[in-house]
Amino acid sequence: MPARPSDTSATTPTSLLKRPIVPTPRAWDSLKGRQAADPVPVEDSQANIELNLKKLNAISNVTKKKQAYSPYLLISQLPSTVMPDDIRRLADSKDSIKDIIFHRNQFMEFQNKVTVVFRSATDAVDFITQKYGKFVGGHKLNMTMLDPYNPRDKRSIPPNLRSEPFSGHLVLISGLPAASRPDHLRTEFRRFQLMDTTEAAIIPVPSKRMASSCQYLIRLSSRSEAFRFVRTYHNTFFQYKEFRKRCPIRTTIIY
């Protein structure tokens, strides 16, 4: 009896009937299998490549194509209220920073830049790659690696740039009457613990030309005493009995 057209077993070879049926792979199935079987290494990912390029660009901009790295880093465009602890918080390890030197002129005015001395050049490079382009107090940091063999950079590197040995214990008081003398100030500041009982604790600071006031550097016994001094006198009026004029004064902690 002839086989019916609908009966495929009679027309299909026996070898094809025994072969297992494999579903046709779809495009998304093959992509999924390739991702699971052959994952893309993290080092070759696009995000990591862009991060490495950003780090290299930061190092190139800061080092200014110098021949060798150094542990000295100049940070400028800082806010006038910046403190050493603000700089140390930027570093992943506070032990990596050896010293922070504030740049001031002859009138003890802050120039909005500091020299950061790291333990090693490696710590300086790590700081650059992690904090380049960051903001502190709304100011974008500008970094420049200093070359100790460059005469221009030597001015911003110790020992040419000296750090203040009593950092945080000094207070600059400005706006005092031009006729003020250390003995007047010692009587006025007798409520505070000065670092020295002699006149070395009250140091005159040069004032700008044609200034009608004077300024002094006061050495306090501790940082807490310096902060108490600032809270007492900052943005207040100073007046001696022999002077009729009331002088508005300002106080600033020197680092």
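Here are the numbers for this structure:
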item: Rh (Kirkwood; distinct C-alpha pairs) - the stretch 78-141, Å; result: 12.4 Å
item: All Cα pairs of the stretch 170-254, percent lying beyond 18 Å; result: 37 percent
item: Relative contact order (%) - criterion: Cα under 8 Å, at least six apart; region: the stretch 79-132; result: 31 percent
item: Relative contact order (%) - the stretch 170-254, alpha-carbon pairs under 8 angstrom, separation at least six; result: 41 percent
item: About the Cα centre, charge dipole magnitude for the stretch 170-254 (Lys/Arg +1, Asp/Glu -1 at Cβ), debye; result: 320 debye
item: Approximate spin-label separation ASN235-ASN105, in nm, with each point projected 7 Å along Cα-to-Cβ; result: 2.5 nm
item: Debye log10 I(q)/I(0) at q = 0.13, 0.15, 0.20 Å⁻¹ for the stretch 104-255, Cα point scatterers; result: -0.74, -0.90, -1.25
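Every read-out reported here was derived from the displayed coordinates using simple, explicitly stated rules and does not represent laboratory data. This one's a predicted model, so the numbers in the text were calculated from it and none came from an experiment. Quick reminder, even Gly has a Cβ in these numbers, built from the backbone with ideal geometry, and neighbours come from all protein chains shown.
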